[in-house]
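Right, one structure below, let's go through it.
Nothing in this text is a laboratory measurement; each read-out follows from the coordinates by a stated rule. These numbers were taken from a predicted model, which means no experiment stands behind them.
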Amino acid sequence: MARRRSVMSESLKYELARDLGFYDKVQREGWGGITTKDAGNMVKRAIQMAEQNIRR
C-alpha cells in the first residue's frame, strides 16, 4: 500500500498543537490521542495561516 504524503509539516503540526494547548497530550499519546475537535481546530488554524500568507 502506498504511503500517504502529509500536507502539513511535522513542525507546523507541533507549532499548532502548542498554540492550541494540546501539545502535552500529543507528546504523551501521539497524534492518535487528540480529539476530533482538536484536529478540526488545528486544520482551521492552518487554513487561517495559509489565507493570511496569501493576502500578503
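Against the longest alpha carbon principal axis of the chain, how many degrees, from 0 to 90 and to the nearest 10, is the axis of helix 36-55 turned? So the inclination is approximately 20 degrees. Classification of the chain by its C-alpha gyration tensor yields an oblate form. The axis ratio a/c (a ≥ b ≥ c) is 1.5 or more, and b/c is at least a/b.
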